[in-house]
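Data block below; observations after.
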């Protein structure tokens, strides 16, 4: 008698990069602010020299 | 220079890169985390791309600010190539930075040749666009 082969759970598994298992902490605003200031100074961000390519809009 | 640096990331791409960590204290994680592209610009002189970035966290996903983007649905996580429920912190521009699209700040996960993991589905793009358009403190290019 023919038996239907059951699909195993492992066949449905999706493989992820090992990095996807990481624990990604919440970051303090203080730390982000300090970092942003360093980045802005180093790369001239916010000085008007960068040309905007795409910005989020309410009707995106 | 990494070859992907010349390929422009797109608005609402989920990418992988570095962000200051709170644990372990005063160090940076070596594991790049999921990040959300919330704007793109370019330096016309160097041709370097810059992204406004909101970070993703796998902590306190359930207790969240109403305006944050929480992704916990398994099928959506799978489609975005994310394994763990993830919250992208978009409720305040103070939580974001603008980063150059360089390998100093972005790094592909294993198996990828670019830091771009995926792109948000359209309904989530609309949600994020609506939330970001209300913010008065978005970091400016």
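Just so you know, all these numbers are worked out from the coordinates, no wet-lab data involved. Given the structure is predicted, the values throughout are model-derived calculations rather than measurements. Here the Cβ positions follow ideal geometry from the backbone for every residue, glycine too, while neighbour counts run over all protein chains shown.
Once you keep just the Cα pairs under 8 angstrom separated by 6 or more residues, what percentage relative contact order results for chain B? Working shown, then result.
On the way: 265 pairs, mean separation 40.2, N = 141.
Relative contact order here is 28 percent.
Over the Cα atoms of segment B:86-140, what radius of gyration and what Dmax do you get, in Å?
13.4, 38
Among B:118, B:67, B:75, which one shows the biggest mean-square fluctuation in a GNM of chain B, springs joining Cα atoms closer than 10 Å?
Maximum among the listed residues: B:75.
What FRET efficiency would be calculated for the residue pair residue B:140, residue B:62, taking the C-beta separation as r and a Förster radius of 35 Å, to the nearest 0.05? Present the calculation step by step, with values, prior to reporting the outcome.
Details: r = 32 Å, r/R0 = 0.92.
Approximately 0.60, to the nearest 0.05.
Give the average, rounded to an integer, of partner chain Cβ atoms located within 10 angstrom of each Cβ in B:65-77. Mind showing how you got there, number by number?
Values: counts 0, 0, 0, 0, 0, 0, 0, 0, 0, 1, 0, 0, 3.
That works out to 0 on average.
With chain B treated as a Gaussian network of Cα nodes joined by springs under 10 Å, which of B:74, B:40, B:89 yields the largest mean-square fluctuation?
In the Gaussian network model the winner is B:74.
Please compute the average number of Cβ atoms from other chains found within 10 Å of each residue's Cβ in peptide A:41-50. Spell out each step's value before the answer.
Working: counts 0, 1, 8, 2, 11, 4, 2, 2, 6, 12.
If you average over the peptide's residues, the count of other-chain Cβ atoms is 5.
For the residue pair residue B:78 and residue B:48, what label-to-label distance in nm results when each label sits 7 Å from Cα along the Cα-to-beta-carbon direction?
4.0
Where the eigenvalues come from the Cα gyration tensor of the protein assembly as shown, what are the semi-axes √(5λ) of the equivalent ellipsoid, largest first, in whole Å? The partial results should precede the final answer.
Values: eigenvalues 188, 68, 63 Å².
They are 31, 18, 18 Å, listed from largest to smallest.
Across peptide B:114-127, what mean number of C-beta atoms from other chains lies inside 10 Å of a residue's C-beta? Write down the numbers at each step before the final one.
Working: counts 0, 0, 0, 2, 0, 0, 1, 0, 1, 0, 1, 2, 5, 1.
If you average over the peptide's residues, the count of other-chain Cβ atoms is 1.
Given the DSSP H assignment, sum -39500 (n - 2.57) over each helix run of at least 4 residues in the protein assembly as shown and divide by its residue total; what's the result at 222 nm in deg cm²/dmol, nearest 500?
Working: 4 runs with 37 residues, N = 201.
Result for the protein assembly as shown, helices only: -5500 deg cm²/dmol.
Calculate the length of the line joining the C-alpha centroid of segment B:98-136 to that of segment B:49-89, in whole Å.
Taking the Cα centre of each part, segment B:98-136 and segment B:49-89 sit 11 Å apart.
Using Cα-Cα distances under 8 Å and only pairs 6 or more residues apart, what relative contact order does segment B:59-141 have, in percent?
The normalised contact order for segment B:59-141 reaches 33 percent.
How large are Rg and Dmax for chain B when only the alpha carbon atoms are used, in Å?
Rg then Dmax for chain B, in Å: 14.4, 43.
For a quick check, take a GNM of chain B with Cα springs below 10 Å and name the residue from B:77, B:36, B:117 with the largest mean-square fluctuation.
Largest GNM mean-square fluctuation: B:77.
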